[in-house]
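Peer 1: Got a structure for you, written out below as structure tokens; questions coming shortly.
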Amino acid sequence: MTISKSDPVLSVVVPLYNEQDNIFTLVERIDLSIRNIGLTFEVILIDDGSSDNTWQNIQVACNQYPQVRAIRFSRNFGHQHAIFAGLKLAKGQAIVSMDGDLQHPPEVIEKLVNEWKAGAKIVNTIREDKEAAGPFKRYFSKQFYKIFSVLSDLPLEKGSSDFRLIDFKVRDEIISFGDVDIFLRGAIQWVGFDVKQVKFTASTRHQGSTKFTLGRMIKLATGAIISYSTVPLKIGVWIGAITSILSFIELGYTFYIYTQGVAVPGWASTIGVTSLLFGVLFFNIGIIGIYLARIHKSLQGRPPYIISEDYNADRKGH
Ligand code: UDP
Ligand code: MG
């Protein structure tokens, strides 16, 4: 990317899905926080196919604040794609992504910028929440980070989120990814560069309710794992090898007993072992199916998201 003098120093990218009651407070607090730092900036709002008045309120905010630009997806394509679209549009030398429900306090941006000015190309945040998420969600996300780190060899700390700052050089690498199901936390770990971390306390949601139901969380977690690991595909080989060895020993034993004139009794154990192995077999076929579905999806070559409208999308920052 070539940087022009009229471009802003900082871009702030915010995905929004049914966040009508958060927009004005959000824009106001971002505006105030960055004015305090004294940098030129732009805010890019992405309406991820909301069904409430998010898009109407975004337009009002755009008219009120000349630094705000917005795009609207033709339907809901998901949080990761919305951030990705924002990264593509951003013109800043550093780009901050954050949630639109004010759980990521805009006041933390200053700390991110300081680390960037000191030389970091990626500034991640670690959430130190006690109350912001329920116990189930915290447990689920902790387990996910553990499993992801083991399977992908990319260490992801618990409390990671998509609240971070990246230099435009990192941005240029990330937007060249052709993943059909982008998982930004993984992509950021994968690209390398100088990374710093900033801790923050997450607030509770300003208005509205969470968009991440259990089903969506599972979808994000499995998508992330199959993007960055092929270990699950190989589980079958190990289970197959171990069970083959065990059955071999068992058959040898049965044959030996038979030569001694005794038949090993027990249909129950036979059926038990057979059903266990069938279970293992179907589980493994299922895993192969998940990967196959991903290959199928990428071969179709459909766009990962569609932008239906934009508002001041080409306006320069101030
Ligand atoms: N979001 C989005 N598309 C979606 C779901 C969520 O753009 O399909 C946005 C949402 O509006 C918010 C951010 O992603 O700005 C994080 O979502 P949420 O606060 O619901 O997640 P949580 O904080 O509960 O994990
Ligand atoms: Mg939230």
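Rule-based calculations on the coordinates, nothing more; no lab input. Note that this is a predicted model, so its numbers are computed, not measured. Please note: Cβ atoms are built from the backbone with ideal geometry, for glycine as well, and neighbour counts cover all protein chains shown.
Peer 1: Give me the mean projected area, in nm² to one decimal, of the convex hull enclosing the Cα positions of the range 24-166.
Peer 2: Across all orientations, the range 24-166 yields a mean hull projection of 9.9 nm².
Peer 1: What whole-number distance in Å separates the alpha-carbon centres of the range 156-190 and the range 203-242?
Peer 2: Taking the Cα centre of each part, the range 156-190 and the range 203-242 sit 17 Å apart.
Peer 1: Follow-up. Quote the relative contact order of the chain in percent (integer), defining contacts as alpha-carbon pairs under 8 Å separated by 6+ residues.
Peer 2: Reported as a whole number, the value is 25 percent.
Peer 1: Would you list which aspartates and glutamates come within 15 Å of residue 137, measuring only between C-alpha atoms, while excluding same-chain residues fewer than 8 positions from it?
Peer 2: Reachable aspartates and glutamates: 128, 129.
Peer 1: Could I ask something else about it? In the range 182-271, with Lys and Arg counted as +1 and Asp and Glu as -1 at Cβ, which of these residues, 228, 200, 242, has the Cα nearest the positive end of the dipole, that is, farthest along it?
Peer 2: So the residue we want is 200.
Peer 1: A follow-up question, please. Under a straight-distance cross-link criterion of Cα-Cα below 16 Å, which lysines are reachable from residue 199, leaving out those fewer than 8 residues away in the same chain?
Peer 2: 111, 130, 158
Peer 1: Answer with one residue from 39, 143, 307: the one whose Cα lies farthest towards the positive end of the charge dipole of the chain, charges on Cβ with Lys, Arg +1 and Asp, Glu -1.
Peer 2: Value computed over the given set: 143.
Peer 1: For a quick check: with amide H placed at 1.01 Å from N, whose amide H comes under 5 Å from residue 40's, ignoring anything fewer than 5 positions away on the same chain?
Peer 2: Hits under the 5 Å cutoff: 9, 10.
Peer 1: Suppose a student asked you for the relative contact order of the range 126-278, using Cα pairs under 8 Å spaced at least 6 residues apart; what percent would you report?
Peer 2: Computed over the range 126-278, the figure is 28 percent.
Peer 1: Here's a follow-up. Let me check I have the definition right: for the range 106-169, take the eigenvalues of the Cα gyration tensor, multiply each by 5, take square roots. What are those semi-axes in whole Å, largest first?
Peer 2: Working through the eigenvalues yields semi-axes of 25, 17, 7 Å.
Peer 1: Pop out the ³J(HN,Hα) list for the range 57-73 in order, Karplus 6.51 cos²θ - 1.76 cosθ + 1.60 with θ = phi - 60°, rounded to Hz; leave Gly and Pro as x.
Peer 2: 5, 4, 5, 4, 4, 4, 5, 7, 10, x, 7, 8, 10, 8, 10, 10, 7
Peer 1: Calculate the length of the line joining the C-alpha centroid of the range 268-284 to that of the range 98-142, in whole Å.
Peer 2: 45
Peer 1: Bin width 10 Å, origin at 0, all Cα-Cα pairs of the range 145-249: what percent of pairs per bin?
Peer 2: 11, 34, 31, 14, 7, 3, 0
Peer 1: Let me ask something else about it. How much length, in nm to one decimal, is gained on full extension between residue 290 and residue 263, taken as 0.36 nm per residue of separation minus their Cα-Cα distance?
Peer 2: My answer for the length gained is 5.4 nm.
Peer 1: Of the listed pairs 146/169; 146/297; 88/219; 142/196; 142/219, which have alpha-carbon separations greater than 19 Å here?
Peer 2: Table pairs above 19 Å Cα-Cα are 146/169; 146/297; 88/219; 142/196.
Peer 1: Counting residues in the chain as N, plug N into 2.2 N^0.38 Å and put the Cα Rg over that result.
Peer 2: Taking N as the residue count of the chain, the ratio is 1.27.
Peer 1: Let me ask another. Might you report the magnitude of the Cβ-based charge dipole of the range 152-216 about its Cα centre, with Lys and Arg at +1 and Asp and Glu at -1, to the nearest 20 debye?
Peer 2: For the range 152-216, the charge dipole is close to 440 debye.
Peer 1: If amide H atoms are built 1.01 Å from N in the plane of the peptide, which residues on other chains or at least 5 residues away come under 5 Å of the amide H of residue 126?
Peer 2: 198, 199, 200
Peer 1: Here is a further query. Sort 40-52, 225-237 by the packing proxy (mean of other Cβ within 10 Å over each peptide's residues), most packed first.
Peer 2: Going by the mean number of other Cβ atoms within 10 Å, highest first, we get 40-52, 225-237.
Peer 1: Relative contact order, percent, of the range 19-90 when contacts are C-alpha pairs under 8 Å separated by at least 6 residues?
Peer 2: 37
Peer 1: Can you list the HN-Hα couplings for the range 160-174, worked out from phi with the Karplus curve (6.51, -1.76, 1.60; θ = phi - 60°), rounded to whole Hz and with x for Gly and Pro?
Peer 2: Values, residue by residue: 5, 8, 8, 8, 7, 10, 10, 6, 4, 5, 5, 3, 4, 5, 4 Hz.
Peer 1: Still on this structure, I have one more. Convert each backbone phi in the range 21-31 into a coupling constant with the Karplus relation 6.51 cos²θ - 1.76 cosθ + 1.60 (shift: θ = phi - 60°), then list the ³J(HN,Hα) values in order as whole Hz, x for Gly and Pro.
Peer 2: With coefficients 6.51, -1.76 and 1.60, one gets 8, 9, 4, 5, 4, 4, 5, 4, 6, 5, 4 Hz.
Peer 1: Calculate for the chain the 222 nm mean residue ellipticity that helices alone would give, adding -39,500 (n - 2.57) per DSSP H run of length 4 or more and normalising by residue count, nearest 500 deg cm²/dmol.
Peer 2: One gets -16500 deg cm²/dmol as the mean residue ellipticity at 222 nm.
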